[in-house]
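Let me begin by presenting the structure, written as C-alpha cells, before commenting on it.
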C-alpha cells in the first residue's frame, strides 16, 4: 500500500474510529482525543502495517491498546500509599483530589484486614497491589499463574467479607 493510499484509507476510517472511541470512552471530547492519538500512532506505524491484513482491525487494535494504556496510566496517577513502610498502594479515584475522613479510615481498616490474611494470600495480594502482573508474581513465588489468580481473587473476597461486617 502506497503512502497516499494508506492516508486515504485512514481518512475514510475516521467516522468508524470516532464511533468506536465513543463506545470506549462514553465522552465525545475524550473520543476525539483518542481518535487523534490513534491516527498519529497509525501514521507513525504505517511501515509496520502488513498489506494483506485487515486495515480496520489493525486501526481498532491500535485504538483499543491506546485506550487501555491511557486508563492504566490514569489509575497509576491516582494511586497513593497507605503507609510509608507498606510496600503497596490502593487506587483511590476521587474527582476533586481531596480525601474524606471516612476514606482514610477505610484505608487503615483495609491495611489491618490485609495484614490478617495468611501468608499464602497476603503476599501475592500485596504484590498485585504494588503493581506486579500475575505472571511476575507467579515467577517470583514459583507458583502457577492460575494459583496466583485464585489467591488474589480469594483475598479480595475475604477482604470484602471482613469489611462488610
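The values are calculated or read from the model by the stated rules, or taken from the named source; none is laboratory data. It should be emphasised that the depicted structure is a prediction, and the values quoted were computed from it without experimental measurement. We place every Cβ from the backbone using ideal geometry, glycine too, and count neighbours over all the protein chains shown.
Residue check: is residue 109 under 30 Å from residue 8 (Cβ atoms), more than 14 Å from the chain's Cα centre (by Cα) and modelled with pLDDT of 55 or more?
no
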Where residue 24 falls short, out of the listed (1) out of contact with any helix residue (DSSP H, G or I) (no Cβ under 8 Å at 6 or more places or on another chain); (2) in a helix (DSSP H, G or I); (3) modelled with pLDDT under 90: (1)
Need at least 3 residues that are loosely packed, with under 13 Cβ neighbours inside 10 Å per element, so show me which helices (runs of 4 or more DSSP H) inside region 104-165 make the cut, counting only ones lying wholly within it. 145-164
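Residues are listed down the side, and each one gets a yes or a no for (1) modelled with pLDDT of 90 or more; (2) assigned by TED's automatic domain parsing to the domain that holds residue 34; (3) within 19 Å of the chain's Cα centre (by Cα):
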| position | (1), (2), (3) |
| --- | --- |
| 62 | yes, yes, yes |
| 91 | no, no, yes |
| 99 | no, no, no |
| 124 | yes, no, yes |
| 131 | no, no, yes |
| 142 | yes, no, no |
| 151 | yes, no, no |
| 155 | yes, no, no |
